[in-house]
Every structure is written in structure tokens, then in C-alpha cells.
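Novice: Quick one: this structure, given as C-alpha cells, is what I'll be asking you about.
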Amino acid sequence: MTAVVDGPDRKLRRTGTQVPESMPLFGPPPDGWEVTDDRLTALAADQPYGLAAYDNARPTVGITADLAGLGPDEVLVGKTPSSYKKVTEREYRKRAKDVC
């Protein structure tokens, strides 16, 4: 997770072959991952953030409230470069499989 404007980052790097069931925003990463930059320690209200995988960031606005509203089987996905939507984890995994 990376702040869109200049600010702290939290970057993780995959070091193994395991695919985790979930990826924590803060704290220690799952097995097979290591933290390479841990300057982001909390989310601030009304601060835009970008979530990136493979360096393809999708900026989002007001993400703290939306993250708090996610259910255990829901995921935020980029819709356009400046918006996102909530989908089920099943839909997210199906889309990821179709893309890879």
C-alpha cells in the first residue's frame, strides 16, 4: 500500500512460492513474503492511497471507510485509474485467473 502523494510506503516482496490466503496491510507479512519498506504504519482518514501489484497502482479516495466496510469475503478492485468497486473474493480470484 502506498500513499498517492509523497509520503510513507509499505512495500512487500515475494520471496517464496506460497500464495497466502490473505495479505495484511500492517504487521508481519505471511510466509514467503518480506517487508522491504515499512514506513506506512497506519491509514489516515481522507487521505488518498494507491494499492499496487506488479507496480500498477490504482489510486483510491476515502479508502479507510471503504476498507472498514468490507466483509470477510469482499475485495476492493480498481475500476478506473481514480475509482474502485467492491467485489466478492470469488469474483476477484476469477478475474485474476482470467488475466494471468
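The values are calculated or read from the model by the stated rules, or taken from the named source; none is laboratory data. None of the values given here were measured: they were computed from a predicted structure. Cβ coordinates were reconstructed from backbone atoms using ideal geometry, including for glycine residues, and neighbour counts include every protein chain displayed. In case anyone asks, the SASA skips ligands and DNA or RNA and just uses the protein heavy atoms, side chains included. Shrake-Rupley method; radii C 1.70, N 1.55, O 1.52, S 1.80 Å.
Novice: Filter segment 1-27 down to residues that are in a strand (DSSP E or B), modelled with pLDDT of 80 or more and not aliphatic (A, V, I, L, M) and give me whichever is most open to solvent (accessible area, probe 1.4 Å). Reasoning before the result, please.
Specialist: Narrowing segment 1-27 to residues in a strand (DSSP E or B): 2-3, 9-14.
So of that shortlist, the ones also modelled with pLDDT of 80 or more come out as 9-14.
This time we only want the ones that are not aliphatic (A, V, I, L, M), so: 9-11, 13-14.
On the way: 9: 20, 10: 10, 11: 92, 13: 123, 14: 107 Å².
The qualifying residue most open to solvent (accessible area, probe 1.4 Å) is 13.
Novice: A further question on this structure: In this structure, does residue 46 turn out to be open to solvent by 60 Å² or more (accessible area, probe 1.4 Å) and modelled with pLDDT of 80 or more? First the steps, then the outcome.
Specialist: Details: open to solvent by 60 Å² or more (accessible area, probe 1.4 Å): yes; modelled with pLDDT of 80 or more: no.
It is false that residue 46 is open to solvent by 60 Å² or more (accessible area, probe 1.4 Å) and modelled with pLDDT of 80 or more.
Novice: In segment 51-81, what residues are open to solvent by less than 40 Å² (accessible area, probe 1.4 Å) and at pLDDT 70 or above?
Specialist: 71, 75, 76, 77, 78
Novice: List pairs: first residue in segment 23-44 and within 13 Å of residue 11 (Cβ to Cβ), second residue surrounded by 13 or more Cβ atoms within 10 Å (Cβ to Cβ) and of a type in the set (S, T, N, Q) anywhere in the structure, Cβ distance under 8 angstrom, at least six positions apart or on different chains.
Specialist: Final answer for the pair search is 40/2.
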